[in-house]
Amino acid sequence: MSTTNGASGQVLPVLLAMIAMGLSALFVAHRVSNALGQQSVVVNAADAAAYSGAHWTARRLNLMAYTNRAMLANHIAVGHLVAYISWLRYVENASARLAAISSFIPYVGTATRVANRAVRTSLGLSERLSWGFINGVDVLHGLMSASQLQARRQLLPDRIDTVMRKVAQRHDGELRVNRGGAIQSVPQPYQAAIAGKLLVYRTDLLNYVGSDKPGRDRGYFRRILSQSIDYDHNLSRWLQGRRSHAAPRFGTGGRSWSDSILGLVKLRKQGATNQAPSPDAGGWRSADRFQIRERDFLGWESWGTLAQGRASANRLAGNYDGIDRYTHLAQRDNTDGRLQIPAIVTRSGTKPPATQAHYSMAEVIYQPSKACEDNCPTDNAKPTLFNPYWRARLVAPEILP
Amino acid sequence: MMGRSESGSALTETLVGLLALLPAFWAVDYLGRLHDMDRYAAMTARYNAWQTLSGPANERVTHSPLWHFQGEDLVAPTNALEVKALTPNTSAAAISTGVAVETIAYGRYLPGAVSIGGLSSGMLELPPEQRPTYNASISARPRLPGHSHNQPIPLRATATLSPGEWSAYTDEIYRTRTNQLVASEPVATLSQPASWLARFGIFEEGRYAQSTQFVPPSRITPR
């Protein structure tokens, strides 16, 4: 009987091979599972980073919009107060004249004297408070300008990358965001496309928001100021006048009326408010007067002023700085306003796998509400930093064109 | 035909081989379940962070049927499943973003006396910027050699987000917030006598002073 030596130990090599394969499969399965777990952390971190970066940006754009509108409204409030004090001075002047004329008439004289005293008290109070009010508005404008400047600095690409990095690193301390070196591990052609996206994102951010002085912006600020006054008929009448450093020209004003008595006497009331076209938009000036002219056998006499009043922001407050600067979209004819915030999150840890990466994209868009009937801008309205309708959303990234 | 000395060796070798292979198969099953728990921890942290977009985070955790092994619960009995808010979604946990921005956005550093001037002491009263961070952890029972000292295996994941746009969702919200930065109240109060004086014919233009709504609707945009 012959033994077949070749058969001895045949099972063992096969088993050893199977054991080796089984252990390898176990090792690979463990590695793959680990890698998948880590990749899901990278994906989570990239989504959270991009989304947070876009929200950070939207918050700053909305803050600029609120403050732009608030500065404009406070500036109009100063103009309103200046016009009111001018008008009240005129009323006080007129009531003093009436009191003098009627002083010999029983009861009427007393009534006009009391009325004049009441107007004078109201005027004195208004004048004293206007100093604090106008200077307070200047301080508030300074604070809002500072917040706009700070918000603009926080929109620099490095700051947004820092925000995104902090978010990503709460997921895993080894994650990096938008780091040029780490992107080298991404295979071509994605590497070039991602590098291009990052360059566009940084360039867009640097050129997205600008700032100007109200008098040096080709009339942009003046137009929105006029629109903000003219939308309200009463406010428009109250603040009507020229844009000039000079004294108000009465014929240009809106606080006016005229009347005629039996064709023999003409009365007219005129009142105008000037906005200064200076770089800071300060310098509201206002004037009111009441005039009379009579007709004699030679014709109409010239106008005679019976009562008048004047006021200016600079005189009431010592100085009114107005609005030094405001922010706006750098490209004012920007019809889209879309700003893309990419987050390329990479992980180059010491633990295997060596490199993992995920590319997420969020965008900031201008989206006016549809829930305000006629008061909101239309769908095709251009984006503006005068409305806080900036929102953020995650979008599907398009890496390759 | 094998000799007597070799008879049964295949069986023996197979048994020896299976002794090595069976624990490997057993380990694959066990590690798969551990990985499932690990992914679940990451997902729980992620869901809690994203949940803050629509309200308070839902810190509930579930117990998957996969987390049983050989009839035994894989989750360690003490401190088994936990979601912890590392940075809660409260104003105390706000991110510092600069004095001027914080003062205008939510009135930090501002005295309450500003309300005398008709302003809101909370200025725009926007929610503070935050990064609510959640940590989800699951402690698994050790079953592999090397973990026999019975220390639970910690599986942890952390996730965060910095949500909030400060956007106005309606024209009314935009005007309300903006008005909080506008000192229109003192002007409206001081102008009160104008409406009384306007009743007299020669001061009738005083009625125009009653318009003290200085924030226009948002449809008024720069041309």
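No value in this document is a laboratory result; all are computed from the given coordinates. Remember, predicted model here, so these are calculated numbers, not experimental data. All Cβ positions, even for glycine, are placed from backbone atoms using ideal geometry, and neighbour counts span all protein chains on display.
Most exposed first by the Cβ proxy, i.e. fewest other Cβ within 10 Å, how do A:Ile229, B:Ile202, A:Ile101, A:Ile344 rank?
Final ranking by Cβ density, sparse to dense: A:Ile101, B:Ile202, A:Ile229, A:Ile344.
Pick out, from A:Met71, A:Ile19, A:Ala50, the residue whose Cα sits farthest towards the positive end of the charge dipole of the range A:1-127, with +1 on the Cβ of Lys and Arg and -1 on the Cβ of Asp and Glu.
Most positive-ward Cα: A:Met71.
If a paramagnetic tag sat 7 Å from the Cα of A:Leu125 along the Cα-Cβ line, which residues of the range A:70-109 would have the backbone N under 20 Å from that point?
From the range A:70-109, the list is A:78, A:80-96.
Scan chain A and hand back the longest stretch that contains none of the trypsin sites (Lys or Arg not before Pro) lying in DSSP loops with at most 11 other Cβ atoms within 10 Å.
Counting at most 11 other Cβ atoms within 10 Å as exposed, the longest clean stretch of chain A is A:1-217.
Hey, how much of the P(r) for the range A:7-156 falls beyond 25 Å, as a percent of Cα pairs?
In whole percent, the share of Cα-Cα pairs in the range A:7-156 beyond 25 Å is 68.
Using 18 Å as the cut-off for backbone N distance, which residues of the range A:249-286 belong to the label zone defined by a point 7 Å from the Cα of A:Ser302 along Cα→Cβ?
Correct set: A:250-251, A:266-268.
For the protein assembly as shown, compute the orientation-averaged projected area of the C-alpha convex hull (one quarter of its surface), in nm².
Mean shadow area of the hull around the Cα atoms is 41.8 nm².
Kindly point out which whole DSSP H helices in chain A project their C-alpha atoms 30 angstrom or further along the helix axis while averaging a Kyte-Doolittle hydropathy of -1.0 or above.
Helices passing the filter in chain A: A:11-101, A:108-153.
For A:Ala362, which sequence-distant residues (separation of 5 or more, or a different chain) have an amide H within less than 5 Å of its own amide H, given hydrogens modelled in the peptide plane?
A:Ile341, A:Ala343, A:Val395
In straight Cα distance, which aspartates and glutamates are under 12 Å from A:Lys382, not counting same-chain residues fewer than 8 positions off?
Straight-line reach from A:Lys382, under 12 Å: A:Asp333, A:Asp336.
Could you let me know the centre-to-centre spacing of the range A:98-165 and the range A:46-80, using Cα atoms, in angstrom?
Using only Cα atoms to place each centre, the spacing works out to 24 Å.
Shielding of A:217-225 by partners, i.e. mean partner chain Cβ atoms within 10 Å per residue?
Whole-number average of other-chain Cβ neighbours for A:217-225 is 2.
Mind checking the mean number of beta-carbon atoms from other chains within 10 Å of the Cβ atoms in A:388-397?
Counting Cβ atoms of other protein chains within 10 Å of each residue's Cβ and averaging gives 3.
Taking only Cα atoms, what is the 0 to 90° angle, nearest 10, from helix B:9-51's long axis to the longest principal axis of chain B?
Between the helix axis and the principal axis of chain B, the angle is about 10 degrees.
Using alpha-carbon positions, what is the distance between the centroids of the range A:248-293 and the range A:175-211, in Å?
59 Å
Is the shape of chain B best called rounded, prolate or oblate, per the rule: a/c under 1.5 gives rounded, else a/b larger than b/c gives prolate, else oblate, with a ≥ b ≥ c the square roots of the Cα gyration tensor eigenvalues?
Prolate.
So what is the relative contact order for the range A:129-284, in percent, with contacts set as C-alpha pairs under 8 Å and at least six apart?
The value is 15 percent.
Any idea which of A:Asn274, B:Ala140, A:Tyr326 is furthest toward the positive side of the dipole for the protein assembly as shown, if Lys and Arg beta-carbons carry +1 and Asp and Glu beta-carbons -1?
Comparing the listed Cα positions along the dipole, A:Asn274 ranks first.
Mind checking the full-extension length gain between A:Thr252 and A:Ser236? Use 0.36 nm per residue of separation minus the Cα-Cα distance, one decimal, nm.
Result: 4.5 nm gained on full extension.
Which whole number gives the average, over all residues in B:182-195, of C-beta atoms from other chains lying within 10 Å of the residue C-beta?
Across B:182-195, the average partner-chain Cβ count within 10 Å equals 6.
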